[in-house]
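In what follows, a single structure is set out as C-alpha cells and then discussed.
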Amino acid sequence: MRIGVEEEFHVLEVESGLLVPRADAILRRLPRGTFTEELHQCTVETNSAVHGSLHDLYADLSRLRRQLDAAASSQGLAVVAAGTAPLAPAAAANPTADARYHHMAEEYRRVADEQLICGAQVHVDVPDRDTAVRVMCEVSPWLPVLLAVSASSPFWQGADTGYASWRSMVWQRWPTAGPAGCFSSAAEYDAAVDDFIRAGVISDAGMIYYDVRPSAHLRTLELRICDACPRAETVVLIAGLFRALVTEARERLRRHDPACAGRHEWLRGATWRAARSGLEGALVDPETHREAPARQVLRKMLVRLRPALEAHGDWHTVRALTEAVLADGSAARRVRRTAQEEDLLGCVDMLIAETRGERAHRRCTPPGRGLTPAVAARGPRSSAGSGAPEAIGP
C-alpha cells in the first residue's frame, strides 16, 4: 500500500510577508507535473512520487520543498506551507488563466475569491473503487483527529480567528465540502456525484471536496481534511496514520466486521471541534462521541492502529513523531506564540523557516510593522527558535 502526497504552498513576498500572485514566475523554473498551479496565482502545489516507506516519503517531500524554495528565492519570494498565511489581504485573489478556474471564479464568486488557503492531501493505494468507497466510510470518524494534528491556520487577514484551523472553516463553504456520506459501492457514490453535476452544483467530479474521497484519476483513497503543514515531519506523521487507518479498515471489511453504522451526522460537529481546538483543547472521541483531551484521543488512535503500523514497519517512526508533535504542540500554537512574542512578520519568518526544514528565524522589524492592533499595543519582543528538524526514523 503505497502513499503519495500533494502539498499546497502560499507564495509570499519576503520583505512584506504578503501573498502575491507570482506562481507563474516560480513554476517557469520548475518541471511541470511535479509542480503545478492552483485556483489562484498566490498558490503552488507539489506532487510527490509514490512510496512504500515513510523515510522515502520524507526525503521526497524535503527535496521538493528545497526545489520550490530555490525557485521562489531567485525571484525575491518565499513559499509557506500553512493553512492560511498570517498576512493575506483579500486583494491577493488572482485566478489562474485556465478555463476551469475561470468558471469556478465566476460561478462561486466570493467563495472562490477567498480561497486563499492551502491543504495537504494524502493518497493511499486501494485495489479498486468499491474498496475505496467502503473504506471511506470506515475511516471518516477518525479524520477530525488528523485535522487537529495538521492545524496551522489561526490567522486570517491579519487577525486571530480564535480557531486552530480557520482554513477548514473557509473550505467548508464549498457546496460539496465536509464529511463524506456512507455509500455501499462505487456505483452508488458515482451516481451521487452525477446528481451534483446534473443539478449544476459542480461542473466535474474533481469538485467533490469531501474530507476523504476516491481519487478522480488514481486508484487511491485521498485524504483532504488537513491544513498544509509547515513541518514536513507532520505530513509524514499524517500519511503514516492515514495509511494505517485504511489498512485497518480493509482488514475489518475482509472479516465482514465493519465498524461504521452509517450515521455520520455527528462528524460535522467533531470536525468543527478539531478546527476550533487543534491539539491544545478537546476533541470528540470517535468511539464514545464524548469530549476528551486531544492528546488522549490521539494516543488512543495510536494504540488502536499499532498492528497496522507494525505491518508497514511504521510503528517506531509514527510513535516518535506523535510524541514530538504532542511535545511541541500544533503549528497553530507555535504561530500564536510567535505573534505574542514578536509580530505577524515574525510568524511569516517562522513559517518560512519551518517550510524550509529549519527552526531558527530572525527578522529585525520596526515597532508596529505588520502587527494586528492588539499585538501592536503590546509591542514586539525578540525571540528566536532553535533546534533541528525531528529525525524521521525508528
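The values are calculated or read from the model by the stated rules, or taken from the named source; none is laboratory data. In this text the structure is predicted, and so the values were computed from the model without any measurement. Note: ideal-geometry Cβ built from the backbone for every residue, glycine included; neighbour counts use all protein chains shown. What goes into the accessible areas is simple: the full protein's heavy atoms, side chains included, and nothing from ligands, DNA or RNA. Shrake-Rupley method; radii C 1.70, N 1.55, O 1.52, S 1.80 Å.
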Mind listing whichever residues of the range 294-323 are in contact (Cβ under 8 Å) with a residue 40 or more places away in the chain and open to solvent by 20 Å² or more (accessible area, probe 1.4 Å)?
R304, P307, A311, H312, G313, H316, A320
Pick from the range 103-152, criterion more than 25 Å from R290 (Cα to Cα) and of a type in the set (G, A, S), ranking: farthest from the chain's Cα centre (by Cα)
A105
Within the range 281-300, is there a residue that is out of contact with any Pro (no Cβ under 6 Å at 6 or more places or on another chain), of a type in the set (S, T, Y) and not in a helix (DSSP H, G or I)?
yes
From the list E233, E251, E265, E188, which residue is surrounded by fewer than 17 Cβ atoms within 10 Å (Cβ to Cβ), closer than 19 Å to V124 by Cα and not polar (S, T, N, Q)?
E251
Condition (residue is within 25 Å of A327 (Cα to Cα) and among the hydroxyl-bearing types (S, T, Y)) applied to the range 166-181: is it met by at least one residue?
yes
Examine the range 95-105 for a residue that is farther than 21 Å from P179 by Cα, touching a helix residue (DSSP H, G or I) at 6+ places or on another chain (Cβ under 7 Å) and either free of Cβ contacts under 8 Å to residues at least 12 places away in the same chain or among the aliphatic types (A, V, I, L, M) (or both), and state whether such a residue exists.
yes
Take the residues in the range 77-113 that are out of contact with any Lys or Arg (no Cβ under 6 Å at 6 or more places or on another chain) and hydroxyl-bearing (S, T, Y), then tell me which one is nearest to A274 (Cα to Cα).
Y108
So which residues in the range 204-247 are among the aromatic types (F, W, Y) and either modelled with pLDDT under 95 or part of a loop (DSSP other than H, G, I, E, B) (or both)?
Y209
From the list D204, D211, exactly one residue is touching a strand residue (DSSP E or B) at 6+ places or on another chain (Cβ under 9 Å), charged (D, E, K, R) and touching a residue at least 40 places away in the same chain (Cβ under 8 Å). Which is it?
D211
